[in-house]
1. Considering segment 308-338 alone, what residues qualify as being polar (S, T, N, Q), part of a helix (DSSP H, G or I) and over 17 Å from the mean Cα position of the chain (by Cα)?
2. Restrict the check to segment 110-117 and report whether at least one residue is in contact with a helix residue (DSSP H, G or I) (Cβ under 6 Å, 6 or more places away or on another chain), surrounded by 14 or more Cβ atoms within 10 Å (Cβ to Cβ), β-branched (V, I, T) and on the phi < 0 side of the Ramachandran plot.
3. Can you tell me which residue in segment 40-77 is surrounded by the fewest Cβ atoms within 10 Å (Cβ to Cβ), limited to those that are among the aromatic types (F, W, Y) and assigned to a strand (DSSP E or B)?
4. Which condition number does R20 fail, the rest of (1) under 15 Å from P75 (Cα atoms); (2) surrounded by fewer than 18 Cβ atoms within 10 Å (Cβ to Cβ); (3) within 20 Å of the chain's Cα centre (by Cα); (4) not hydroxyl-bearing (S, T, Y) being met?
5. Do we have any residue at all in segment 324-334 that's surrounded by fewer than 24 Cβ atoms within 10 Å (Cβ to Cβ) and among the aliphatic types (A, V, I, L, M)?
6. Can you pull out the residues in segment 23-39 that are buried (at least 23 other Cβ atoms within 10 Å of the Cβ) and hydroxyl-bearing (S, T, Y)?
7. Only residues that are part of a strand (DSSP E or B), closer than 24 Å to L200 by Cβ, touching a strand residue (DSSP E or B) at 6+ places or on another chain (Cβ under 6 Å) and not small (G, A, S): list them for segment 97-132, please.
8. Going by the structure shown, is G290 surrounded by fewer than 22 Cβ atoms within 10 Å (Cβ to Cβ), on the phi > 0 side of the Ramachandran plot and not aromatic (F, W, Y)?
Amino acid sequence: MVAGMDATMVERIDSLCRRRCAFALYCLPGEESPVFCMAEDGRVENDPLFKNGFVLSTFDGKSIFIPSEAEVPPPPDSWDELDLAYDQPATTRETYGALFKLYTGFIQSGQVRKIVLARTADEPINEHFSPYKAFTTACEAQPAAFKALVHTPQQGTWLFCTPEQLITGQGQSWQTMALAGTRIPCTLPWDAKNKREQALVTEFIRETLQPLADDITESPLENLRAGRIEHLCTRFSFTMPPGRILRLLDTLPPTPAVCGAPVDAARKLLQQHPDIERSCYAGYLGPWGGGGVQLYVSLRCMQIFRNYCRLYAGGGLMPDSDEEQEWQETENKMACMRQAIRNAY
């Protein structure tokens, strides 16, 4: 069990996941003790400025803020029951294939250089399923990732286990990363498709930072392991006045890693021809306050309903993408959430 939570706290967190209130339970990369964040009255706000708490933003940029007022889970009896339903079915293999042909057609016609195709999958659960145990499984399986169990009346309950840093830091010192390309870990050189995909993300981040930041440095290209898969990663360090953080958040997400390139063209096509209702998937989340932020891209995630969990994953399509390989990539990305479900009883 993750340090810092006894059985009473586990019961309270699981109960709060069924209530009309908001909270976040998260664990930073490399840390063992989770942090609980909740307002005394269970509310959310829109403005995080000059406050401490937790930010959750959807793919389309709608953000909410959970103020940090309670450091331990309170008894859940103060809030009414919440029972969110979801009408849109999960992505079938046939639907994925049709969208793959449509999206690769956008690439072949020159409208975009890359576009991200996302899908969902449903896994049944029963009344003994524990969101907290799913969270602890993610924490133990991937200590280098950012893990969070987040619940709000607006979005319901979500579990995240993401390797991708959006922006972290405090004062004048900040970091971000370009993360793209996916494969099963091996010692062979990366193929040209994945290298080109990662280069698009690196170029976008570099150009986005230049008007806002100084002393920008890039790390050598590295492999970043995330569970059963690995990615190509370039790390950026830079200096920036903290007052510019909101301007950067207006321009940095979504990056080509979760949207496509050029970003504006890919986002427009995704709006006109949606793959799924992305909701919190591929947005961002993390703690905010104390002069800094720790924000991560909302990947490797699932939404928890009463009788099932909806898993989310996506992959970047390039001119030489193969449909079956891209489908299998999403299966590999969902593996960490499926493991969390298996161990949540």
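FYI, it's all coordinate maths here, none of it is from the lab. For clarity, every value in this text was computed on a predicted model and none was experimentally measured. Ideal geometry is used to build each Cβ from the backbone, glycine not excepted, and the neighbour counts take in all protein chains shown.
1. Within segment 308-338, Q325, Q328 meet the criteria.
2. Scanning segment 110-117 turns up at least one residue that is in contact with a helix residue (DSSP H, G or I) (Cβ under 6 Å, 6 or more places away or on another chain), surrounded by 14 or more Cβ atoms within 10 Å (Cβ to Cβ), β-branched (V, I, T) and on the phi < 0 side of the Ramachandran plot.
3. My answer is F65.
4. (3)
5. Within segment 324-334, the first condition is being surrounded by fewer than 24 Cβ atoms within 10 Å (Cβ to Cβ), and the residues that meet it are 324-334.
Within this subset, residues satisfying the condition of being among the aliphatic types (A, V, I, L, M) are 334.
Yes, segment 324-334 contains a residue that is surrounded by fewer than 24 Cβ atoms within 10 Å (Cβ to Cβ) and among the aliphatic types (A, V, I, L, M).
6. Once the filter is applied, which keeps residues that are buried (at least 23 other Cβ atoms within 10 Å of the Cβ) and hydroxyl-bearing (S, T, Y), segment 23-39 yields only Y26.
7. Hits for segment 97-132 are K114, I115, V116, L117.
8. yes
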